[in-house]
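Novice: Sending over a structure as structure tokens; questions will come in a sec.
The values are calculated or read from the model by the stated rules, or taken from the named source; none is laboratory data. Model, not experiment: these values are computed from the prediction. Every residue, glycine among them, receives a Cβ derived from its backbone with ideal geometry; neighbour counts consider all protein chains shown.
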């Protein structure tokens with residue numbers, strides 16, 4: 001029998017998780033602060049509407065999926081792990097590094113999976129890009145930059161850095177295969193004095209690689225784009241394009257005329273990637289980890305790597321903003 005989960009939170013993202021786990025045959029229950037909302041989603045998807053205390057005691061529920069505001073992640077995840085449940089938490093894992101470290105250690109102690117929702121790690125196009133890098137198609141990575149921009153929803157408990165940048169930090173760390181030895185951050189509060197709606201991160205890694213991440217929810221158009229530049233080629237993952245154009249390979253070359261670099265341009269090549277919904281793949285992965293005991297692709301330690309960068313960046317950003 002497929003593992004069964006309870007989803008906590010029926011908001012903007014929780015409803016998508018509910019739908020996907022139901023489609024995969026893994027939804028057992030729905031939980032929300034508003035019982036009427038939980039009941040409506042449960043009826044729609046053939047699940048039960050219960051409360052959190054019930055879910056912790058219910059032996060038919062193998063995993064808890066947490067889709068609530070970030071400031072509640074720690075306490076809910078901790079109780080679920082202590083009850084022996086596998087836990088999937090939307091990013092960020094917690095808002096404080098020491099709490100995240102505690103959850104990782106507790107999950108190890110209890111022998112349960114702890115997975116964080118770094119969605120783009122499950123995007124088939126990003127996985128294809130990572131394969132290009134691992135196969136050496138781009139040569140040695142020199143520079144990665146990522147933009148996540150939109151005139152979008154503003155989150156009450158996080159600034160743009162914590163709400164948007166985890167996706168890009170996670171992708172950059174995976175592509176480069178290392179943690180940065182230097183993090184620089186800047187940003188601005190255009191809409192509310194105490195909430196940064198725009199932030200820029202510079203990540204310097206041991207050796208040559210560098211990365212830049214720009215995030216904003218106060219931007220005139222939507223752009224979700226990651227560019228990887230190597231010594232033998234460049235690639236662009238543009239999530240705003242049609243599926244067949246989301247990943248483009250630019251096999252540009254570079255030669256030297258004495259001390260003068262001479263670029264050799266080549267036509268862009270679309271990279272064929274089988275289409276799949278990233279969130280469904282992420283949900284499927286969590287169910288598979290519960291069933292097999294495998295370590296999630298985005299486990300607690302992956303969350304810690306990302307959170308360390310976030311905390312360094314956040315400290316700098318807060319100091320600059322006063």
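Novice: Test residue 232 against the stated conditions and say whether it is in contact with a strand residue (DSSP E or B) (Cβ under 8 Å, 6 or more places away or on another chain), within 27 Å of residue 140 (Cβ to Cβ) and either surrounded by fewer than 18 Cβ atoms within 10 Å (Cβ to Cβ) or not assigned by TED's automatic domain parsing to the domain that holds residue 149 (or both). It would help to see each step written out before you state the result.
Specialist: On the way: in contact with a strand residue (DSSP E or B) (Cβ under 8 Å, 6 or more places away or on another chain): yes; within 27 Å of residue 140 (Cβ to Cβ): yes; either surrounded by fewer than 18 Cβ atoms within 10 Å (Cβ to Cβ) or not assigned by TED's automatic domain parsing to the domain that holds residue 149 (or both): yes.
So residue 232 passes the test.
Novice: Quick check on the range 172-201: of everything there that is closer than 13 Å to residue 305 by Cα, touching a residue at least 40 places away in the same chain (Cβ under 8 Å) and assigned to a loop (DSSP other than H, G, I, E, B), which residue is farthest from the chain's Cα centre (by Cα)?
Specialist: That would be 180.
Novice: All but one of (1) crowded, with 23+ Cβ neighbours inside 10 Å; (2) at pLDDT below 95; (3) more than 14 Å from the chain's Cα centre (by Cα) hold for residue 165; state the number of the condition that does not hold.
Specialist: Only one criterion is unmet by residue 165, namely (3).
Novice: Another one. For residue 274, are the conditions met, namely being assigned by TED's automatic domain parsing to the domain that holds residue 137, at pLDDT 95 or above and loosely packed, with under 15 Cβ neighbours inside 10 Å?
Specialist: Numbers: assigned by TED's automatic domain parsing to the domain that holds residue 137: yes; at pLDDT 95 or above: yes; loosely packed, with under 15 Cβ neighbours inside 10 Å: yes.
The answer is yes for residue 274.
Novice: Any residue at all in the range 245-263 that is buried (at least 18 other Cβ atoms within 10 Å of the Cβ), modelled with pLDDT of 95 or more and either within 28 Å of residue 183 (Cβ to Cβ) or within 16 Å of the chain's Cα centre (by Cα) (or both)?
Specialist: Within the range 245-263, one or more residues are buried (at least 18 other Cβ atoms within 10 Å of the Cβ), modelled with pLDDT of 95 or more and either within 28 Å of residue 183 (Cβ to Cβ) or within 16 Å of the chain's Cα centre (by Cα) (or both).
Novice: Give me the residue from the range 129-152 that is touching a helix residue (DSSP H, G or I) at 6+ places or on another chain (Cβ under 8 Å) and not in a strand (DSSP E or B) and, out of that set, surrounded by the fewest Cβ atoms within 10 Å (Cβ to Cβ).
Specialist: Applying the first criterion (touching a helix residue (DSSP H, G or I) at 6+ places or on another chain (Cβ under 8 Å)) to the range 129-152 yields 129-130, 133, 138, 141, 144, 146, 148.
Those still in the list that are not in a strand (DSSP E or B) too: 129-130, 133, 138.
Numbers: 129: 26, 130: 17, 133: 21, 138: 23.
So, considering only residues that are touching a helix residue (DSSP H, G or I) at 6+ places or on another chain (Cβ under 8 Å) and not in a strand (DSSP E or B), the one surrounded by the fewest Cβ atoms within 10 Å (Cβ to Cβ) is 130.
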